[in-house]
1. Residues that are at pLDDT 95 or above and within 30 Å of SER217 (Cα to Cα): find the strands (runs of 3 or more DSSP E) completely inside the stretch 76-185 holding 1 or more of those.
2. When you look at GLN193, is it farther than 19 Å from ALA165 by Cα and either under 25 Å from the mean Cα position of the chain (by Cα) or crowded, with 17+ Cβ neighbours inside 10 Å (or both), yes or no?
3. Taking the condition outside any strand (DSSP E or B) and either of a type in the set (Val, Ile, Thr) or modelled with pLDDT under 95 (or both), does VAL286 pass?
4. How many residues are on the phi < 0 side of the Ramachandran plot and surrounded by fewer than 22 Cβ atoms within 10 Å (Cβ to Cβ) when one looks only at the stretch 9-43?
5. Assess whether GLY153 counts as being crowded, with 17+ Cβ neighbours inside 10 Å, farther than 29 Å from GLY307 by Cα, in contact (Cβ under 8 Å) with a residue 12 or more places away in the chain and within 16 Å of the chain's Cα centre (by Cα).
6. Can you go through ARG313, ARG334, ARG308 and tell me which one is on the phi > 0 side of the Ramachandran plot, in contact (Cβ under 8 Å) with a residue 40 or more places away in the chain and not assigned by TED's automatic domain parsing to the domain that holds GLY190?
7. Output the number of residues of the stretch 108-123 satisfying the condition of being surrounded by fewer than 17 Cβ atoms within 10 Å (Cβ to Cβ) and closer than 24 Å to HIS156 by Cα.
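The values are calculated or read from the model by the stated rules, or taken from the named source; none is laboratory data. Note that the structure is a prediction, hence the values are computed from the model and not measured. Here the Cβ is made from the backbone with ideal geometry for all residues, glycine too, and neighbour counts use every protein chain on show.
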Amino acid sequence: MRATVMFGAGDVRIEQVPDATILEPTDALVVVSRACICGSDLWPYKSMEQSEFGRRMGHEFIGVVEAVGSEVRTVKPGDVVVAPFVVSDGTCVFCQEGLHTSCLHGARWCSDTDGGQGEAVRVPQADGTLVVLPVGRDDALMPSLLTLSDVMGTGHHAAVAAHVAPGKTVAVVGDGAVGLCGVLAAKRLGAEQIIILGRHADRIALAKEFGATDVVSERGEEAVERVRELTGGFGVHSVLECVGYAESTVTAVDIARPGGAVGRVGVPQDQGVPVSQTSFYKNVSVGGGIAPVRAYIDELLPEVLDGRIQPGRVFDRVTNLDGVPAGYRAMNDRESIKVMIAF
């Protein structure tokens, strides 16, 4: 079968790889119909050392179940399913607490099993991982349903960690797909004022359509001052940090009002957590982390199905498998917000 393999920074190829097969009785074999490129895929795209064998790519996909292992009970051949970006069994103590990303029997796509940017995937722990979708393979809702595998659930996780609630003021740091979904999440949770911190015109336009009330394009201390101006000098109740740089984290803590909260979902690019003293003296809670999107699908799926939210609008480019290398370049060069792959 064919799949996406990254061999080094800027070096993405479509290669022949071993066919995905069922290895364990809890596995399912899924033929991929939709996948996408994630902002986190760009970190190795920028920095990965050259490798002779490369690494498989992709952790967001929808597909059709082709076969299941003898112990699989909740999915069957022919089902259209979405796969969260982390494998989980759904039964361990952490899954039961809604923290599927810490599953005791979990796995990661590309490192522990196949990657999603390929023609088929072996899905371990199929009963706990896969969610059956009540739609056909090529339903018009596919873009929005695909976001449930990662970016919509991740934006929602940031909002939950930041304690977004009706009437609160919110700032979203970052105008990528996760930040835009964070705007959508804050809106659906009842935020009164939503400030998007970003500077790309197409993304800002979509943020406004998703519910952003104000835009701050400045950076650093100028951004902090601008947010304070927009909030009567106080700062916001809730900050969604959707970038992961030290600078963006500093900004997030600085724009939070005393007693506020920061939900971090941008993959940290630094070992330390900056501005610990600032957050301490302001009583700002800093939480978040890798999003347990499997825990949120049951809540978000009905709103996607009935059109109340349309997170699939973050996809502004569609390609086939052969176009994936160009899709990486487009996202890396900020020519595209998020690229969907249709098979």
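1. Because the criterion is at least 1 residues that are at pLDDT 95 or above and within 30 Å of SER217 (Cα to Cα), the strands (runs of 3 or more DSSP E) in the stretch 76-185 that meet it are 169-173.
2. On the way: farther than 19 Å from ALA165 by Cα: no; either under 25 Å from the mean Cα position of the chain (by Cα) or crowded, with 17+ Cβ neighbours inside 10 Å (or both): yes.
No: the conditions fail for GLN193.
3. Against the criterion (outside any strand (DSSP E or B) and either of a type in the set (Val, Ile, Thr) or modelled with pLDDT under 95 (or both)), VAL286 does not qualify.
4. 20
5. Numbers: crowded, with 17+ Cβ neighbours inside 10 Å: yes; farther than 29 Å from GLY307 by Cα: no; in contact (Cβ under 8 Å) with a residue 12 or more places away in the chain: yes; within 16 Å of the chain's Cα centre (by Cα): yes.
Criteria not met by GLY153.
6. ARG334
7. The qualifying residues number 1.
Rundown of residues vs (1) more than 25 Å from GLY58 (Cα to Cα); (2) among the β-branched types (Val, Ile, Thr); (3) crowded, with 19+ Cβ neighbours inside 10 Å, yes/no style:
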position	(1), (2), (3)
SER276	yes, no, no
SER285	yes, no, no
ALA295	no, no, yes
THR319	no, yes, no
GLY323	no, no, no
